[in-house]
Every structure is written in C-alpha cells, then in structure tokens.
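This report refers to the structure that appears directly beneath it.
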Amino acid sequence: MIKVLFVCLGNICRSPMAEYVLKDMVKKEGIEEKFYIDSAATIAEEIGNPVHNGTRKKLNEEGIECGNHKARRITKQDYEEFDYIIGMEERNIENIKKIVGNDTEHKIYRLLDFSNKPRNIADPWFTGDFDTTYHDITEGLKAFLQYIKEKEID
C-alpha cells in the first residue's frame with residue numbers, strides 16, 4: 001500500500017483538498033485499494049476544525065465529498081508511517097522538517113514539484129481564491145499520480 005500524507009499550514013484548506021481530490025482520482029481509476037491517503041497541518045491552531053467552507057464548496061462543485069474531516073497536526077511518527085509527505089509550499093516543507101527531523105529517507109516533497117511548472121500553491125485562506133488552488137492541486141496530483149504509476153504500480 002502506498003501511504004500519502006498531504007500537509008499545509010492548518011489542514012483545513014489545501015491539504016484536505018489534495019487528500020479528497022486524490023481519493024476521488026484513485027477511486028475513479030479503480031486503484032483506491034493501493035492507497036492510504038490522509039492530510040495534516042504544521043500548526044496547532046486549527047486542530048479539530050472541519051474543512052474550510054471555501055474548500056468544501058469547491059469540492060462539492062466538483063462532485064467530491066470531504067466527509068467529517070477534522071484537522072490534525074503532523075507528528076514525528078507520521079514520517080515513519082507514510083511513504084510520501086507532500087507539502088503545498090516551501091514554508092510547509094521547512095515546517096514539516098522542523099517537526100519530523102531530517103528527511104533521511106527522501107519522503108518529503110512539494111506537490112507542484114511533480115508538475116512541469118514547479119511552484120508553491122497559494123493558501124486560499126489568505127487569497128480567497130479556491131478555484132486557483134483547486135486547479136493547482138489537480139495539476140500537481142495528476143503529475144504525482146503519473147509518477148506513482150511509473151514508479152510503484154504495475
């Protein structure tokens with residue numbers, strides 16, 4: 001099983017969006033049993049909170065359910081349990097490493113580094129632009145899934 005953890009600042013906007021979009025993608029491809037997908041935050045302020053209304057609205061527009069998600073913070077143990085820990089921006093990557101330690105097993109990535117246009121994904125909590133966030137996340141997830149298929153799935 002391929003274990004993927006998406007990480008952003010508060011685990012209410014970008015990382016749960018990535019979590020639920022990837023879950024939807026692998027389900028539609030009939031490969032969901034090959035994956036365990038989750039998300040987490042680098043800060044504690046939003047722990048226990050549901051998905052941001054803007055994220056929920058955008059996912060609903062796309063026909064994607066996000067259930068009863070509750071924000072949680074990444075732990076040092078997550079580094080041991082997940083194969084891929086994927087942040088949305090450079091600041092997330094820095095904060096992930098502060099929490100889990102050195103990336104000795106090369107598990108930590110920035111989502112859009114899998115794409116042809118590596119860049120950060122802006123936080124819609126600040127920008128209010130959930131459409132662009134969704135587009136960027138989808139771009140990154142398509143590239144990530146292609147990477148996984150080439151590397152890990154027969």
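Derivation of every value follows stated rules applied to the coordinates shown; laboratory data play no part. All values derive from a computational prediction rather than experimental measurement. Don't worry about glycine lacking a Cβ; one is built from the backbone with ideal geometry, like all the others, and counts go over all protein chains shown.
For the listed peptides 77-89, 125-137, a ranking on the average number of other beta carbons within 10 Å per residue, highest first, reads 77-89, 125-137.
Only Lys, Arg, Asp and Glu count, each charged at its Cβ (+1, +1, -1, -1), so figure out the dipole size of the chain about its Cα centre, rounded to 20 debye.
Once rounded to the nearest 20, the dipole reads 200 debye.
For the residue pairs Lys23/Lys98; Lys28/Lys142; Lys23/Lys151; Lys76/Lys149; Lys27/Lys57; Lys27/Lys151, the C-alpha atoms sit more than 24 angstrom apart in Lys23/Lys98; Lys76/Lys149.
Amide H contacts of Ser39 (H built 1.01 Å from N, in plane; Pro and chain starts excluded): Phe6 sit under 5 Å, all sequence-distant by 5 or more or on other chains. Our summary gives the stretch 27-84 a relative contact order of 41 percent, counting only alpha carbon pairs under 8 angstrom and 6 or more residues apart.
Under 5 Å from the amide H of Ile2 lie the amide H atoms of Phe35, Tyr36, each residue being 5 or more positions distant or on a separate chain, with H modelled from the backbone and absent for Pro and chain starts. Would you kindly give the portion of the calculated P(r) for the stretch 2-151 that falls above 27 Å, as a percent of all Cα pairs? Distances greater than 27 Å cover 12 percent of the Cα pairs.
Cα centroid separation, the stretch 41-95 to the stretch 127-149: 14 Å.
With contacts taken as Cα pairs under 8 Å at a separation of at least 6 residues, the stretch 1-150 carries a relative contact order of 26 percent.
With only Cα atoms counted, the stretch 91-154 has Rg and Dmax values of 13.5, 40 Å.
Dividing the summed -39500 (n - 2.57) terms of all DSSP H runs of n ≥ 4 by the residue count of the chain sets its mean residue ellipticity at 222 nm at -13000 deg cm²/dmol.
In order along the stretch 79-93, the Karplus-derived 3J(HN,Hα) couplings, from 6.51 cos²θ - 1.76 cosθ + 1.60 at θ = phi - 60°, round to 4, 6, 8, 9, 7, 10, 10, 10, x, 8, 7, 4, 4, 4, 4 Hz, and Gly and Pro are given as x.
Put simply, the amide H of His69, placed in the peptide plane, has neighbours under 5 Å in Val51, leaving out anything fewer than 5 places away on its chain. By the compact-protein rule of thumb, 2.2 N^0.38 Å, the alpha-carbon radius of gyration of the stretch 1-90 corresponds to a ratio of 1.03.
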